[in-house]
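Here is the structure we will look at, set down as structure tokens.
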Amino acid sequence: MKIHEYQAKQIFKKAGILVPEGDVATNIEKAISTSEEIGLPVVIKAQVHVGGRGKAGGVKIAKTPEEVKKFAGEILGMDIKGLTVKKILVGKAIDIQRELYLGVITDRSTNRPVIMVSTEGGVDIEEVAKKTPEKIHRFTVDPAYGLLVHHAMNLAFKLSSDVKEVREIASTLQKLYKTYLDSDASLAEINPYVLSADSNFYAIDAKIVLDDNALFRHPDYEEMRDLTLEEKIEHEAKEKGLSYISMEGNIGCVVNGAGLAMTTMDVIKHFGGKPANFLDVGGSSDPQKVKNALHFLLMDEGVRAIWFNIFGGITRCDDIASGLLEAVGEMEIELPLVVRLTGTNEEEGKRILSESSLDIHFVRNMEEGAKAAIRLSEGGG
Ligand code: GDP
Ligand code: MN
């Protein structure tokens, strides 16, 4: 789960990392009152779950009350990489001397946390990794020992030769690592970590990605959830026992099992089509699940055709067919349906569907299914 910068800053602050004073606002009035409390100049920052807000015009420094009003108005409602800005952070602007990068990520190849630091803060770290990889310094943490003082000092010496600064950076690295561990994050990042003109270090940006699988251990993080429409559908589907994955195409797919989901996507792509989403109804036999699946699938307005690709094992084809009929009866589905039912109670399932008045395109195998779904999604008969 991604959280906003202002939320990550609250967590950093609790861990003892210095962050500029500030508050979140959803309207211009609140932005103005906050700027009066903390004093000008302030930085106004879009709170959306994407990086590169600075370049997109979502980070602006206001030096006068008029500018606070102007920039807050411009940034609220702004579209950044497809996301609408509904919240802004109004923070004390820092006079920057140097920008550094500090981060902790979970490295899947070593199964360990890796600390990364660089003198090239403030810019996209992936770009630095590509163009000047020698400017990124890494340290793989042995979780049995954690990040010890001398590890942190070694890293900090890559960023500064001033011992006082090195101590400060090392201390922040240890706090960052502890935050990453305590919050069960998969990423905790400060980019940039800045040295101000008056020689203090501040986290002026903050990013934490929480591991969904550990969220049950942090009930207090639940209120930080801020989902896009797509993520909302995925989340709701999960609560109903379905796994839903949204994509950009126009063929909605109902399948049973993750392996079949992957194969269905591959086959559609192989024949030149684009899946819109996947709904995995899993291995159960429950008509209600099929109804729920269609409900979620139809929330995606890009869907032009639906393909039921079911391999009946534990899942019974007749149950899928009944669920489909019930759902169609209630929902008025106008989209073309392609159905491949094979396995347990296959004949019974097909009989139920063919006795209905639905316009169903029965197919016998994956290739036929993919071709039919693609043709229909493109408006063919
Ligand atoms: P991002 O673009 O989404 O990563 O947003 P950041 O919070 O990292 O801000 C982008 C850039 O804006 C930073 O690298 C800084 O150069 C600049 N910036 C952000 N806050 C301040 C501030 O308080 N003072 C100054 N002078 N620049 C800032
Ligand atoms: Mn940043």
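Derivation of every value follows stated rules applied to the coordinates shown; laboratory data play no part. All values derive from a computational prediction rather than experimental measurement. Every residue, glycine among them, receives a Cβ derived from its backbone with ideal geometry; neighbour counts consider all protein chains shown.
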Binned at 5 Å from zero, the C-alpha pair distances of the stretch 229-377 give percents of 2, 11, 22, 26, 23, 13, 3, 0
Tell me, how many Å apart are the Cα centres for the stretch 13-90 and for the stretch 228-304?
-> 37
Rounded to the nearest 5, the percent of antiparallel DSSP beta bridges in the chain equals 70
Within the set Lys9/Lys92; Lys45/Lys81; Lys30/Lys86; Lys2/Lys175, which residue pairs have Cα atoms separated by over 18 Å?
-> Lys2/Lys175
Restricting to lysines and to Cα separations under 20 Å from Lys289, and discarding same-chain partners fewer than 8 apart, the set is Lys232, Lys238, Lys240, Lys350
Rounded to the nearest 0.05, what FRET efficiency is calculated for Leu358 and Lys13 with R0 set to 56 Å and r the Cβ-Cβ distance?
-> 0.45
How big is the C-alpha Rg of the chain next to the rule-of-thumb value 2.2 N^0.38 Å, as a ratio?
-> 1.23
How large is the helix-only mean residue ellipticity at 222 nm for the chain, computed as the sum of -39500 (n - 2.57) over DSSP H runs with n ≥ 4, divided by its residue count, in deg cm²/dmol to the nearest 500?
-> -11500 deg cm²/dmol
Calculate, in whole percent, how much of the Cα-Cα pair population of the stretch 103-226 lies beyond 17 Å.
-> 59
What is the dipole size for the chain, taken about its Cα centre, with +1 at each Lys and Arg Cβ and -1 at each Asp and Glu Cβ, in debye to the nearest 20?
-> 1100
Taking only C-alpha positions in the stretch 141-187, Rg and Dmax in angstrom work out to 11.1, 33
Quickly rank 370-378, 153-161 as a protection proxy: mean count of other C-beta atoms within 10 Å, highest first.
-> 370-378, 153-161
What order, most packed first, do the peptides 3-13, 184-194, 342-352, 221-231 have when packing is the mean number of other Cβ atoms within 10 Å of each residue?
-> 184-194, 3-13, 342-352, 221-231
At 7 Å along the Cα-to-beta-carbon direction for both Asp226 and Lys240, put a label point, then send me their distance in nm to one decimal.
-> 2.7
Specify the angular offset, from 0 to 90 degrees and rounded to the nearest 10, of the alpha carbon long axis of helix 5-14 from the longest principal axis of the alpha carbons in the chain.
-> 50
Can you give me the relative contact order of the chain as a percent, contacts being Cα pairs under 8 Å and 6 or more apart?
-> 12
